[in-house]
Structures are given as C-alpha cells and as structure tokens.
Amino acid sequence: MPDTPDDASVSARDRVLDATVVAAGRVGIARITVEEVAREAAVSRATVYRWFPGGRDQLIDEAITFEVGRFLDRVTNAAAGAPDLPTRLERGLLFAHRAIEEHAVLQRILATEPAGLLPQLHAMAPLVLDVVRAELTSWFAGAALRPGVDPAEAADYVARLFLSFVVNGGSWDLGDPAEVRDLVRTRLLAGVLA
C-alpha cells in the first residue's frame, strides 16, 4: 500500500502551494524560485522538491490548480444556503466577480505578465467547466425545469454561461445585485426553468 500523507504533511504541502501564490504576487511568475517559495512556506528546498519533483514548473502548475480549486470552493460556499436555484446563481456570480476583481495576485499577474498565467488557465478550462457543471447538476436536481429540458444539458448550458460572465461581464454590472438578478433570471435561466 502506498504511503498516504498525514494531516500535518497535507497542510504543510498546502502551505507550500499558498506560499507559491504569495511569492508569485510579490515577484511574478517568471521570477519565482523554489528557494523563495521554501522560504515563504518555512520549509526546506528538499521538502519542496520531495513534494514537487518537477521543481519550479510543477510547483507553479499545481499552485494555479490549487488556487482555482480554492476559488471554486469559495464560490460554492457563497451560494450555499440560498433558497432556490436563481438565488444560488446570483450569489455565486456576485461572489465570483468580486473575488476575481479583489484577488490582488491574479490582478497583478494579469497586468504584468499574462502570458505566464493565461496558458495554464486555458488548459484548466475543461476541468473548471466539469467542476461547475457537476455542482450545477446537483442544483438542478430539485428545480422545476421546462418540459423537455434535460437537467444535465441545462447544467452544461448554464455552467458555460456562468463561467463566461465570471470572466467577462460584458455590458452587465456584476457588482450590482439588481443587474445580476436580472442577468440570471432573464439570460441564464430563462430558457431552462419552468
């Protein structure tokens, strides 16, 4: 049976990934080093290489994945407890938009070296879509859908729209709850809900 990390090593590994995000915010992706991440995480270089044998490139790739996963968890938590599907989507969209705008590291990297981040985000897009689609599928399970609307297809459709608006709100003010409410109810769900 392979070794499984204990809780302490899992949290320490997460601390290394978090330190990578912090270091990237400070020096950028192009200039980040394993030494700097180890120092930020208060672990040795050997520890970093034990967890990330691919070195700097693996560390950056996994840190991006880690941060995106953390973001998606936060979106789900922000929408939790909403009384219905439209309200869940509204809360999720409001939160996601605000979280991206307020993510200092993301905004710095997008402004100074987008070529260091955008390819990884593009490569992760199918995985992100799968995660959002799966979450929405569970949300659609109890929703009153229009006759003939397949819940899985509805979840896919809304997931794609949701992510599109998170990335680019277009003419919609995603900081305004009233506009987000209108967007969700007249665009995202209009053709899906009964």
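The values are calculated or read from the model by the stated rules, or taken from the named source; none is laboratory data. Only a predicted model underlies this, so the values are computations on that prediction, with no experimental measurement involved. So basically every Cβ, Gly included, is an ideal-geometry build from the backbone, and we count neighbours across all protein chains shown.
Looking at segment 55-67 only, could you name the residues that are under 16 Å from Ala125 (Cβ atoms) and either surrounded by fewer than 17 Cβ atoms within 10 Å (Cβ to Cβ) or at pLDDT 95 or above (or both)? Even if it seems obvious, please write down each step before you answer.
Taking segment 55-67 first, the residues under 16 Å from Ala125 (Cβ atoms) are 61, 64-65, 67.
The answer is Asp61, Thr65.
Pairs, please: C-beta under 8 Å, at least 6 apart or cross-chain, first residue closer than 17 Å to Val132 by Cα and in segment 164-175, second among the basic types (Lys, Arg) and part of a loop (DSSP other than H, G, I, E, B)?
none
What is the one condition in (1) modelled with pLDDT under 95; (2) touching a Ser or Thr at 6+ places or on another chain (Cβ under 8 Å) that Gly92 does not satisfy?
That leaves (1) as the condition not met.
Suppose we filter Ala38, Ala19 for residues that are in contact with an Asp or Glu (Cβ under 8 Å, 6 or more places away or on another chain) and modelled with pLDDT of 95 or more; which single one remains?
Step by step, each of Ala38, Ala19 is checked, and only Ala19 is in contact with an Asp or Glu (Cβ under 8 Å, 6 or more places away or on another chain) and modelled with pLDDT of 95 or more.
Each row is one residue, and each column tells you yes or no for (1) closer than 19 Å to Ala115 by Cβ; (2) touching a strand residue (DSSP E or B) at 6+ places or on another chain (Cβ under 6 Å); (3) among the charged types (D, E, K, R).
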{"site": "Arg31", "(1), (2), (3)": "yes, no, yes"}
{"site": "Ala38", "(1), (2), (3)": "no, no, no"}
{"site": "Ala41", "(1), (2), (3)": "no, no, no"}
{"site": "Val48", "(1), (2), (3)": "no, no, no"}
{"site": "Ile60", "(1), (2), (3)": "yes, no, no"}
{"site": "Leu72", "(1), (2), (3)": "no, no, no"}
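Residue-by-condition table, conditions (1) touching a residue at least 12 places away in the same chain (Cβ under 8 Å); (2) surrounded by 13 or more Cβ atoms within 10 Å (Cβ to Cβ):
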{"position": "Pro119", "(1), (2)": "no, no"}
{"position": "His122", "(1), (2)": "no, no"}
{"position": "Pro126", "(1), (2)": "no, no"}
{"position": "Arg133", "(1), (2)": "yes, yes"}
{"position": "Leu145", "(1), (2)": "yes, yes"}
{"position": "Asp150", "(1), (2)": "no, no"}
{"position": "Tyr157", "(1), (2)": "yes, yes"}
{"position": "Gly191", "(1), (2)": "yes, no"}
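Inspect all residues belonging to segment 38-45 and state whether any of them is crowded, with 18+ Cβ neighbours inside 10 Å, among the β-branched types (Val, Ile, Thr) and over 19 Å from the mean Cα position of the chain (by Cα).
Within segment 38-45 (the criterion being crowded, with 18+ Cβ neighbours inside 10 Å, among the β-branched types (Val, Ile, Thr) and over 19 Å from the mean Cα position of the chain (by Cα)), the answer is yes, since at least one residue qualifies.
Can you name every residue in segment 48-86 that is among the acidic types (Asp, Glu) and more than 19 Å from Ala159 (Cα to Cα)? Spell out how you get there, then give the answer.
Restricting attention to segment 48-86, the residues satisfying the condition of being among the acidic types (Asp, Glu) are 57, 61-62, 67, 73, 84.
Matches in segment 48-86: Asp57, Asp61, Glu62, Glu67.
Can you pull out the helices (runs of 4 or more DSSP H) entirely within segment 1-114 that have at least 2 residues that are among the charged types (D, E, K, R) and either in contact (Cβ under 8 Å) with a residue 60 or more places away in the chain or in contact with a Phe, Trp or Tyr (Cβ under 9 Å, 6 or more places away or on another chain) (or both)?
Hits in segment 1-114: 7-27, 55-79, 85-102.
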